[in-house]
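Step one of this worksheet: look at the structure below.
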Amino acid sequence: MSTGYHVAVVGATGAVGTKMIEMLEKTTLPIKKITLLASKRSAGKTLVFKNEPLVIQELTADSFAGVDIALFSAGGGISKQFAPEAVKHGAVVIDNTSHFRMDPNVPLVVPEVNPHALAQHKGIIANPNCSTIQMMVALEPIRQKVGLSRVLVSTYQAVSGAGAQALAELTRESQELLAGKAADELNPEILPAGSDKKHYPIAFNALPQIDVFAEEDYTYEEWKMINETKKIMEDTQIKVAATCVRIPVFSGHSESIYIETKDHASVEEVRQWISEAPGAVLQDDPSQQVYPQALTSVDKTETFVGRIRKDLDVENGLHLWVVSDNLLKGAAWNSVQIAESLHQQGLVHV
């Protein structure tokens, strides 16, 4: 690792941080040095990068000396405090939290959709919400051809999106219910939102709440999908609504998406556009029961699209089923792709 960039991973021990390290092992980005940063509690532990042990260092304001690219995934509070420090040291920050996403001075980027937005960065780039990212990959090839006027999305989101403790809760609750314990005897502590007043079991359940409720009785997760879609597509007029649901799946977000296009598009045309789109994989043959599934999306970086069909009552209405690994394309891989795009456009050092 003699030439290339010095890359730092903030939150290296977390679910997304460890995936970032895996993706950096596979990236085309030239890397000369990796620095792993985490809390004082994790400092001194060891992780492996390309068969080399790396000692995790405690995150401080001075951790970014000599760093070119800093990938952040340690919570919004950490990003708020330390991302500006990284920029002061000359690093470009790619932030996986929601803290900077709607800042008008921070590009919000899905590389298959709006890589041009990177040219406007002032040291910080935001990685969109996991459920937004896969929807953008699926819809962009359609938007480019016939335009979009409306998007209605219902998500079926995996528990890994809520963190390691939520995954442990799903496992424990499933075991207890299968052992004969009654649902009202369970003791949920995490879901649907750790900071909210009440908690409900996720095992064998579906929770129509991700994050806490906000304006107009939409959750923050739903508002993220609405606002981020408009920012990424650079279209304040597009109509977007979301219902976000947590289901007892470990990894892999699924989405039922209804769209209305500005111009007519046949199902055959849409299938062709998606099959040719970067980052998208068409899995759509109802006669053979071929369609995307959460289980088969795990550990894959692509976004899978199927169940494409016309709405029976609306002329330009279409339905799609979209699935992706929320920890990879929804987080770690999209962040690394942003770094690759920065390199390709010569935008790492400005």
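The values are calculated or read from the model by the stated rules, or taken from the named source; none is laboratory data. Quantities reported herein were computed from a predicted structural model and do not represent experimental measurements. Positions of Cβ are generated from backbone atoms using ideal geometry, with glycine treated the same way; all protein chains shown enter the neighbour counts. Accessible surface is based on the protein model in full, side chains and every heavy atom, while ligands, DNA and RNA are left aside. Shrake-Rupley method; radii C 1.70, N 1.55, O 1.52, S 1.80 Å.
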All positions within the range 198-221 that are open to solvent by 20 Å² or more (accessible area, probe 1.4 Å) and outside any loop (DSSP other than H, G, I, E, B): Phe213, Glu215, Glu216, Asp217, Tyr220
Where in the range 233-347 are there strands (runs of 3 or more DSSP E), lying fully within it, with 3 or more residues that are open to solvent by less than 70 Å² (accessible area, probe 1.4 Å), among the β-branched types (Val, Ile, Thr) and in contact (Cβ under 8 Å) with a residue 12 or more places away in the chain? 239-246, 253-261, 303-310
On the given criteria, is Ala138 at negative phi and assigned by the TED database to the domain that holds Ala242? yes
Check Gly90, Gly76, Gly17 and return the single one that is outside the structural domain of Gly163 (by the TED database), of a type in the set (Gly, Ala, Ser) and free of Cβ contacts under 8 Å to residues at least 24 places away in the same chain. Gly76
For the range 110-125, enumerate the residues that are within 24 Å of Asp325 (Cα to Cα) and either out of contact with any Pro (no Cβ under 7 Å at 6 or more places or on another chain) or of a type in the set (Phe, Trp, Tyr) (or both). Pro111, Val113, Asn114, Pro115
Looking only at the range 1-23, count how many residues are in contact with a helix residue (DSSP H, G or I) (Cβ under 6 Å, 6 or more places away or on another chain) and open to solvent by less than 30 Å² (accessible area, probe 1.4 Å). 5
Sort out which residues of the range 191-209 are of a type outside the set (S, T, N, Q) and in contact with a Leu (Cβ under 9 Å, 6 or more places away or on another chain), and write them in order of number. Leu191, Pro192, His199, Tyr200, Pro201, Ile202, Ala203, Phe204, Leu207
Only one of Ala138, Ala168 is open to solvent by 20 Å² or more (accessible area, probe 1.4 Å) and not in a loop (DSSP other than H, G, I, E, B); which? Ala168
Report yes if Asp103 is charged (D, E, K, R) and open to solvent by less than 10 Å² (accessible area, probe 1.4 Å), otherwise no. no
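What is the residue count in the range 99-127 for residues that are in a loop (DSSP other than H, G, I, E, B), of a type in the set (A, V, I, L, M) and under 17 Å from Glu340 (Cβ atoms)?
So the count comes out to 3.
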